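Okay, so here's the structure we're looking at.
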Amino acid sequence: MDSWPAASVPGLPGRGPELLIWDTASGGLAPAAQGQLATLYACGITPYDATHIGHAATYVAWDLLVRTWRDAGCTTRYAQNVTDVDDPLLERAVRDSRDWRELAAAEIDRFRADMTALRVLPPDYLIGAVEALGLIEEFSGLLADHGALYDTDGDVYFSRAADPRFGSVSGLDHRAMMTLSAERGGDPDRPGKKDPLDPVVWRAERPGEPSWESRFGPGRPGWHVECAAIATYYLGVAFDVQAGGTDLIFPHHEMSASHARVALADQGPDIFACRYVHSGMVRLGGQKMSKSLGNLVFVSGLRAAGVDPMAIRLAILAHHYRQDWDWTGDVLAVAVQRLGRWRAALASAAAGPGGAGEPGGTGGAVPPAGPVLNAIRERLAADLDAPGAIAAVDAWADAVLSAGATGPGHAGPADIDPAGSAGLVRNAIDALLGIAA
Ligand code: 5CA
Ligand code: ZN
């Protein structure tokens, strides 16, 4: 399906360092890309409600990853799915008496508009489960060929016993897996399964539900096989990073990786993602912001209320992507104020050194931009430390504002920021942090 338009990314002098990222599977920092071509699969939305701040934070994190890779000289290839047929979407359509396809299409459109406003760079491939049914069926066929599927009352399950490395993504013990499986879409209590953790790969047709013909009979695909199939089809058997929120570590990312290891077992030693990267949960009122709980702040709602999307983005970037944090009015107010200071500093610096009393002049030398650019690059390369990068820009803005006049004015052509500091800082925060100031 169509992605969304890319924001322009200004060029910067030089290159950033290699990105090290926290890998959930190994529990440590590791190079995010294995070579010059950097490949990313990010789990996408289930489009039954609008984009909330938690979704936005997740996709802003992967956007930073892409920007940091590109700045380090990598070419990126990025795929993202859209789970456009699944239980919660169908249930919401029934609840609201809407056609499920129409509901999904409307929410995907809203997601695209929100991502565009937040200047999140689009994936190269935005792939809906429905449009990918053929390749999901083909991938599921490989699981069947490896003897890893079995039938339970017409539904087709994956036998996790087929994968000796099952558990290597999450590192969880059996008890924890059982609890999370029950909470996150699994059916550990269903009778007839070989193992309570086994996930469904093809769900047989149910009355009133959409279904498609397949070699497994009429039905629809399971959730984990959707991502395993789409990721490996678009990025290859092995790719660099599988990304999602921490709520996807188990069972989703564990199962997708396990499916791929079994289906593609004869394709070499490296199968599926080299790194598993997870973003923390955004909470509201102390609880995970979630569509099922309904404690949501929508990006589109804030935009409609006149909030500058760059302030929303800056509010997100003020938190390290791996931390859990609470969305509050204060968080937004701080971001609005910070954006204002950055803009004032850029305007003041662009107006040039000027005389101390000249309106808009900084009254002294504009602090150089090179150290700011280096600091942003260095912080982002260290596990996408956006708060650290922001602190470097804050320090530059404070220095400009404390040296100079109170507000932007106009400068004569002769004294426009001769060192080009303002321009370089503006380009750095645009290219690396995605903030148009
Ligand atoms: N379609 C599946 C992935 S294949 C799905 O999880 N969809 S979702 O709409 O529920 O979530 C989309 C992304 O947002 C996932 O990476 C999920 O981990 C992340 N996410 C959901 N809620 C939050 C939250 N409160 N804070 C941070 N990230 C969240
Ligand atoms: Zn997924």
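What to note about this one:
- Derived from the Cα gyration tensor, the three semi-axes of the equivalent ellipsoid of the stretch 1-158 are 32, 23, 13 Å, largest first.
- Debye intensity ratio in log₁₀ form over the Cα atoms of the stretch 128-219, taken at each q of 0.19, 0.21 Å⁻¹: -1.01, -1.17
- Counting every other Cβ atom within 10 Å of each residue's Cβ, 8, 211 order from fewest to most as 8, 211.
- Relative contact order (percent, whole number), the chain, Cα cutoff 8 Å, 6+ residue spacing: 20
- Of the residues 76, 108, 52, the one whose Cα sits farthest toward the positive end of the charge dipole of the stretch 52-111, with +1 on the Cβ of Lys and Arg and -1 on the Cβ of Asp and Glu, is 76.
- For the stretch 206-261, GluC sites (Glu not before Pro) meeting the loop criterion (DSSP other than H, G, I, E, B) and having at most 11 other Cβ atoms within 10 Å: 213.
- Charge dipole magnitude, Cβ of K and R +1, D and E -1 - the chain, Cα centre, debye nearest 20: 880
- Burial ranking of peptide ranges 392-398, 63-69, 96-102, 131-137 (average Cβ count within 10 Å, highest at the top): 63-69, 392-398, 131-137, 96-102
- Over the stretch 178-326, Cα pairs under 8 Å with separation of 6+ residues give a relative contact order of 17 percent.
- Taking the Kirkwood radius as Rh and the Cα radius of gyration as Rg, the stretch 16-72 has a ratio of Rg/Rh equal to 1.03.
- The chain, Rg to Rh (Cα coordinates; Rh as Kirkwood inverse mean 1/r): 1.03
- The stretch between residue 113 and residue 318, if pulled fully straight at 0.36 nm per residue, gains 71.5 nm over its current Cα-Cα span.
- Which of 315, 241, 28, positive extreme of dipole for the chain (C-beta unit charges): 315
- Projected area, mean over directions - the stretch 188-300, Cα convex hull, nm²: 10.4
- Stretch gain in nm, segment residue 99-residue 6, where the contour uses 0.36 nm per residue and the Cα spacing is subtracted: 30.5 nm
- Close amide H contacts of residue 78 (hydrogens built in the peptide plane, cut-off under 5 Å, sequence separation of 5 or more or a different chain): 40, 124, 125.
- FRET efficiency for the residue 190 to residue 300 pair, using the beta carbon distance and R₀ = 35 Å, is estimated at 0.40.
- Only Cα sites of the stretch 237-383 enter the Debye sum here, all with the same form factor; the resulting log10 I(q)/I(0) across q = 0.12, 0.15, 0.19 1/Å is -0.77, -0.98, -1.18, listed in q order.
Coordinate-derived values only; no laboratory data. Just so it is clear, the model here is predicted, and its values are computed rather than measured. Neighbour counts run over all protein chains shown; Cβ positions are idealised from the backbone, glycine included.
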